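Reviewing the structure listed below.
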Amino acid sequence: MKGASSIPAVAIMPSPLFLWRFKVILFLLWGLCCCKIGWDSVMRMSADLRDLFLYEAFLYYNPLLLVALMIWLWGVNLWVFAQSSVNYARVFDLSQTHLSYREIWRCATWLTLIVPTSMTAYLYLYSHGEVSLAASQPVLLYAILLMILLSPFDMFYLSSRFFFLRTTWRIILPLQAITFPDFFMADIFTSMSKVFSDLERSGCRMVHRQVATIAWFEADSICGSHSVAIPLVLVLPYLCRFFQCLRQYKDTKEKTCLLNALKYSTAVPVIFLSALKYHVFPDMWISFYRPLWLISSVVNSLYSFYWDINRDWDLSILTRIFMFKNPSVLTNLLYGRSWVYYWVLGSNLVLRCTWTYKLSAHLRHNYLTVFAITALEMVRRFQWVFFRVENEWNKMTAKQNFEMSSDMLPSEGDRLLDSNSHKV
């Protein structure tokens, strides 16, 4: 209107807290819908096939759920590093465009949404007789995720995907000097060996068109429990780490590299002795091979526990990572507390011992137990990351301080010249 005062238009935006709460409510509603549809679909099946079908469906989707869990935990690691004085970007030699913890959590959120949705669709379609459509669900999911990971286009964090793929290639073929990101990611891969084994079995069934069937249940099936590929995939991350240690010894001549290689080699008999159950007579397995498997499991667990405490960590600085720049509840709860020592030592020892359970091929039919133990191993690795990165950061800063102090000291020639200039 003429003569009316002009008031600038202001965009009304909801507060971040409101948006966060709204997203949480949507997430919970989505989770309830998936659980309800999935449960009703399972109950529609006959009781004799229900357990086999759940075992098969669980095989396709549990490795991706565990990958999502690992990404969530890695985001928490980065968040703690961002709050503390540890410069993780320098430790890993990352570029300025590296992913922050918020972007890591965004990736984990999408994976957490997509995987259960595909699993719910698989259960629903199979229980309603649409077997071909049900079989296509895990195939499409794996294909889409693989295309995103290998896409050469500048989308979905191209630089970070390239860094991940390049480091993975350096782990598989350690033909160059081993850097901290190389053996750090290789250590994480050892905790995910069961995930890789399940991914291989899922891919095998997809290639041989055994999805949504029970053909894999036959003993002579190429994708069945007797498959030689299962122990080979389980042992692959340990062999990669073993050869990395040999490469480090070649470059540095440090004997600790050989001792570290010996640690990873102790996982090999645990895996292959367990796999022998399907290839020897039951009496021979019980009387000879199972005791050997138990002994090798104890050796591997105790050796790995010793190495974590005495080599990978520095117990004198165990809780400094939680000394945040700004006051925090976590700082008051964890920094300088003696109970953190006991928790880290005790939980690491217990989870190291239970970890051999999932390395054992003859126990994999207890899929819910193996899933829980694999998730706990990732929690143990998540805990390990804090102290391993902190230890590496302290080594870097100590070396830098030593070099700076050495540069500030006068050289031998300067001291001689300075002494000649004085008159006694």
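The values are calculated or read from the model by the stated rules, or taken from the named source; none is laboratory data. All values derive from a computational prediction rather than experimental measurement. Reconstructed Cβ throughout: ideal geometry from the backbone, glycine too, with neighbour counts over all protein chains shown. To get the accessible areas, we keep the full protein, side chains included, count just its heavy atoms, and leave off ligands, DNA and RNA. Shrake-Rupley method; radii C 1.70, N 1.55, O 1.52, S 1.80 Å.
See the values below:
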{"read-out": "Whole-Å distance, taken between Cα centres, linking region 224-271 and region 87-111", "value": "28"}
{"read-out": "Fraction of accessible area attributable to carbon and sulfur, region 128-221 (%, probe 1.4 Å)", "value": "74"}
{"read-out": "Long-range Cα-Cα pairs in region 79-223 (distance over 17 Å), rounded percent", "value": "73"}
{"read-out": "Sequence ranges 60-66, 95-101, 368-374, ranked by mean other-Cβ count within 10 angstrom, highest first", "value": "60-66, 368-374, 95-101"}
{"read-out": "Two-site label geometry, residue 156 and residue 400: point separation in nm, points 7 Å out along Cα→Cβ", "value": "3.5"}
{"read-out": "Extension gain from residue 114 to residue 15, taking 0.36 nm per residue of separation minus the Cα-Cα distance", "value": "32.9 nm"}
{"read-out": "For peptides 40-53, 73-86, 131-144, 247-260, sequence by mean Cβ density within 10 Å, most packed first", "value": "73-86, 131-144, 247-260, 40-53"}
{"read-out": "Inter-label distance, nm, simple model (7 Å from Cα along the C-beta direction), residue 132/residue 100", "value": "4.9"}
{"read-out": "Label-to-label distance, nm, for residues given as residue 265 and residue 354 (7 Å Cα→Cβ offset)", "value": "3.1"}
